[in-house]
Amino acid sequence: LNVTIKENPDLDITPHLRRFFKHDSIFETCQLHNSNVCIDITSMPHILIFNLTKIFLKEVKPRNFFATYTEPEAYNKRIKELSNYCIDEEDFDLYEEILGMKYSREGFSKIKRVDDDLLIASLGFERQRLLALYEKVEPKGGLIPIIGFPAFKPGWNITALNMNYKVIEDSGSEGYIETCESSSPFDIYHKIKTIYNLKSSTYNILIAPFGTRPNCLGATIFDLRHTICQLIYDFPIEKNFRSKGIGKSYFYILSSFLND
């Protein structure tokens, strides 16, 4: 999968997902539209969060739709050797590499009315992700960073700010930083909606969900329900063992989003 994405980032890497959920594999009849469906996004790759949300909200439409998420107790840090006898810990060691970038398509909204883009980005712990995206998009409407606060752990919001501060400073976005609860898909949904209502008549709204998985879920739902915006995302290849311990668990009732 990693090689496939690297060679062709525009390839649909989940081509059979829609058919799998819309039809029973034996009887070829729709089985889930009358069911209660819950997805656990705790370790789910972001591309699957995007695609599963789209399939269930737009196509399958089960009777009730839920999601669950469990916080990590801690993330592993990268070890840096300062000398033969001295080591230090820096940053969180979360990804093997970041592969190609992709705009939402095939069911995600992507209407372009004006020439200027406004980038709304929820911030994670990897400094290169937002930097690469901002240099590629060069949004004339600027950048609105969203930091997860309250964070899963005290201080993690400061880490996210530090990791992305170069882009924030270079883009002159220090005065436009917004916050939303790290564990809530609903908080970021309403945060983006407020920005959208103010800015969508002037700019194309680009949404980059680089933050927590619950925030990614909320950003995806917003993109599916609004016309003048577009999801833009990369393909982070995560470390096999990047976190340890178990924190709080959450159960999200998403059924209200099933009806347009």
task: List the number of the failed condition for I146; all other conditions in (1) hydrophobic (A, V, I, L, M, F, W, C); (2) more than 23 Å from L52 (Cβ to Cβ); (3) in contact with a Lys or Arg (Cβ under 9 Å, 6 or more places away or on another chain) hold.
output: (2)
- line: Scanning region 228-260 residue by residue, the ones that are at pLDDT 85 or above, of a type outside the set (A, V, I, L, M, F, W, C), under 14 Å from T70 (Cβ atoms) and exposed (fewer than 11 other Cβ atoms within 10 Å of the Cβ) total 1
- request: Would you check if there is a residue in region 243-260 being touching a Pro at 6+ places or on another chain (Cβ under 9 Å) and at positive phi?
  value: yes
query: Taking into account only those residues within region 188-202 that are within 24 Å of Y250 (Cβ to Cβ) and either part of a loop (DSSP other than H, G, I, E, B) or in contact with a helix residue (DSSP H, G or I) (Cβ under 7 Å, 6 or more places away or on another chain) (or both), which is most open to solvent (accessible area, probe 1.4 Å)?
result: K193
query: Looking at F125, is it at pLDDT below 60 and among the aromatic types (F, W, Y)?
result: no
message: Quick check on this structure: which one of I205, I221 is part of a strand (DSSP E or B), in contact (Cβ under 8 Å) with a residue 12 or more places away in the chain and either touching a helix residue (DSSP H, G or I) at 6+ places or on another chain (Cβ under 7 Å) or surrounded by fewer than 19 Cβ atoms within 10 Å (Cβ to Cβ) (or both)?
response: I205
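The values are calculated or read from the model by the stated rules, or taken from the named source; none is laboratory data. Since this is a predicted model, take the numbers as computed values, not measurements. FYI the Cβ positions are ideal-geometry reconstructions off the backbone, even for glycines, and counts take in every protein chain you see. Ligands, DNA and RNA are excluded from the accessible area calculation, which covers all protein heavy atoms including side chains. Shrake-Rupley method; radii C 1.70, N 1.55, O 1.52, S 1.80 Å.
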